[in-house]
Amino acid sequence: MASAAAPAATDSTLPPPLEQLRHLAGELRFLLPGVRVGEARETTKEFDRETFWRRLREAAMAVSRAATTLTEVFSRLPLPSPQETQKFSEQVHASIKAIIAVYYSLPKDQGITLRKLVRSATLDIVDGMAQLVEVLYITPTQSPENLISYNSVWEACQQVPRIPRDNKAAALLVLTKSVDLVKDAHEEMEQAVEECDPYYGLLSDIEEDNSDSHGDEEDILGCPSNRDSYWSEEDQELIIPCLALVRASKACLKKIRLSVAENGKKDQVAQLDDIVDISDEISPSVDDLALSIYPPVCHPTVRINIHQKYIYTWNNSYRTPTECWQKTSDPKVCKTCIRFKEGT
């Protein structure tokens, strides 16, 4: 009798299934800050690249399987028993801890750029699983939110095999993204200048739609007033060198990417990281510059963006002690920066 009653007593002490999911979501959220700032674990063992990537793929597959199982059992009635829920929760928690441990095993000497990509992939998986668990305990049984959250975890796990395998490949991927971002910003600025319409006709369309019913009212909330929606002649003169800077930035990033692809060596880990660090500052600088030229234009703000961000970044890039980097120098950049330095 006593032995038969023991399992029942154990069952009764377990929290209800949804309460267990709520607790699991909290535990997964608790792991995220450690992944964001965690350092590689020191070890005396020689790093085996093939073993690392195999373990990372296997860990991602384990997370995907755990997410599939959890979603299936909590998307139908009846819900799992407390004991079954405990087993599923332990599987999820163990799979997440395992993939975090694999990430921590990637040493810094393999490249900071590569570590950042692996960390980002790991964070996407952990955060996605936490969101999935939260959705399941908030809206159990089948719902669109369950499927959306599950797909996010599945997609994050599928990205793991696509991560570059070395720091050179990682640097090229990051540089390509920077080139694309600067290219988009340049095209947007160029189109706005060509059309002499900073807001692509958005304001005129809204004014036309509301001309009959809002003719005597104040400016539409959230839209610039008429005097602030166009460039003055002075603004347009300032925009010309700004466009030249963005165009030169795009050209420079392309040359840097080409130089890394043709001349970069996989064992030049620190040099590749330095190039990526400096190049990473160019795209945000372009964004800030692009935003600052939209009317009403504050000329001092534009010049501050040039002085504090562009010139600093370019000066750093020119001092990079690699021949391939120096070949990317563009005289247009120097002439444009000189114009801003002289206040012309």
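The values are calculated or read from the model by the stated rules, or taken from the named source; none is laboratory data. Just so you know, these numbers come straight off a predicted model, no measurement behind them. A quick note on method: Cβ atoms are made from the backbone with ideal geometry, for glycine too, and the neighbour counts reach across all protein chains shown. With ligands, DNA and RNA removed, areas are computed over all heavy atoms of the protein, side chains included. Shrake-Rupley method; radii C 1.70, N 1.55, O 1.52, S 1.80 Å.
Any idea which residue in region 263-276 is farthest from the chain's Cα centre (by Cα), counting only those that are touching a residue at least 40 places away in the same chain (Cβ under 8 Å) and part of a helix (DSSP H, G or I)?
Asn263
Please verify whether Val179 is touching a residue at least 12 places away in the same chain (Cβ under 8 Å) and either within 30 Å of Ala248 (Cβ to Cβ) or surrounded by fewer than 21 Cβ atoms within 10 Å (Cβ to Cβ) (or both), treating the condition exactly as stated.
Working: touching a residue at least 12 places away in the same chain (Cβ under 8 Å): yes; either within 30 Å of Ala248 (Cβ to Cβ) or surrounded by fewer than 21 Cβ atoms within 10 Å (Cβ to Cβ) (or both): yes.
It is true that Val179 is touching a residue at least 12 places away in the same chain (Cβ under 8 Å) and either within 30 Å of Ala248 (Cβ to Cβ) or surrounded by fewer than 21 Cβ atoms within 10 Å (Cβ to Cβ) (or both).
In region 136-158, what count of residues is obtained for those that are surrounded by 15 or more Cβ atoms within 10 Å (Cβ to Cβ) and within 23 Å of Gly34 (Cα to Cα)?
Qualifying residue count, region 136-158: 6.
Output the number of residues of region 262-277 satisfying the condition of being surrounded by fewer than 17 Cβ atoms within 10 Å (Cβ to Cβ) and in contact with a helix residue (DSSP H, G or I) (Cβ under 6 Å, 6 or more places away or on another chain).
Residues in region 262-277 being surrounded by fewer than 17 Cβ atoms within 10 Å (Cβ to Cβ) and in contact with a helix residue (DSSP H, G or I) (Cβ under 6 Å, 6 or more places away or on another chain): 2 in total.
What pairs come up if the first residue lies in region 157-174 and is within 16 Å of Leu272 (Cβ to Cβ), the second is open to solvent by 70 Å² or more (accessible area, probe 1.4 Å), and their beta carbons are under 6 Å apart, counting only those six or more places apart or on different chains?
So the pair list comes out as Asp166/Lys266; Lys168/Lys266.
So which of Lys87, Lys97 is closer than 27 Å to Thr51 by Cα, of a type in the set (D, E, K, R) and surrounded by fewer than 17 Cβ atoms within 10 Å (Cβ to Cβ)?
Lys97
If you check Leu79, Leu32, which single one turns out to be open to solvent by less than 100 Å² (accessible area, probe 1.4 Å) and either over 21 Å from Val135 (Cα atoms) or under 25 Å from the mean Cα position of the chain (by Cα) (or both)? It would help to see each step written out before you state the result.
Numbers: Leu79 fails: either over 21 Å from Val135 (Cα atoms) or under 25 Å from the mean Cα position of the chain (by Cα) (or both).
Just one listed residue meets the conditions, Leu32.
Being under 16 Å from Leu24 (Cα atoms), buried (at least 21 other Cβ atoms within 10 Å of the Cβ) and assigned by the TED database to the domain that holds Leu123 narrows it down to one of Ala60, Ala66, so name that one.
Selected residue: Ala66, the only one of Ala60, Ala66 that is under 16 Å from Leu24 (Cα atoms), buried (at least 21 other Cβ atoms within 10 Å of the Cβ) and assigned by the TED database to the domain that holds Leu123.
Residue by residue through region 159-175, note down the ones that are open to solvent by 50 Å² or more (accessible area, probe 1.4 Å) and more than 14 Å from the chain's Cα centre (by Cα). Can you show your working first?
Taking region 159-175 as the starting set, the residues that turn out to be open to solvent by 50 Å² or more (accessible area, probe 1.4 Å) are 159, 161-162, 165, 173.
Across region 159-175, the qualifying residues are Pro161, Arg162, Arg165.
Can you go through Lys45, Lys116 and tell me which one is modelled with pLDDT under 95 and either open to solvent by 30 Å² or more (accessible area, probe 1.4 Å) or under 21 Å from Ala171 (Cβ atoms) (or both)?
Criteria check complete, one pass: Lys45.
Could you tell me how many of the residues in region 278-308 are β-branched (Val, Ile, Thr), part of a helix (DSSP H, G or I) and crowded, with 16+ Cβ neighbours inside 10 Å?
Residues in region 278-308 being β-branched (Val, Ile, Thr), part of a helix (DSSP H, G or I) and crowded, with 16+ Cβ neighbours inside 10 Å: 5 in total.
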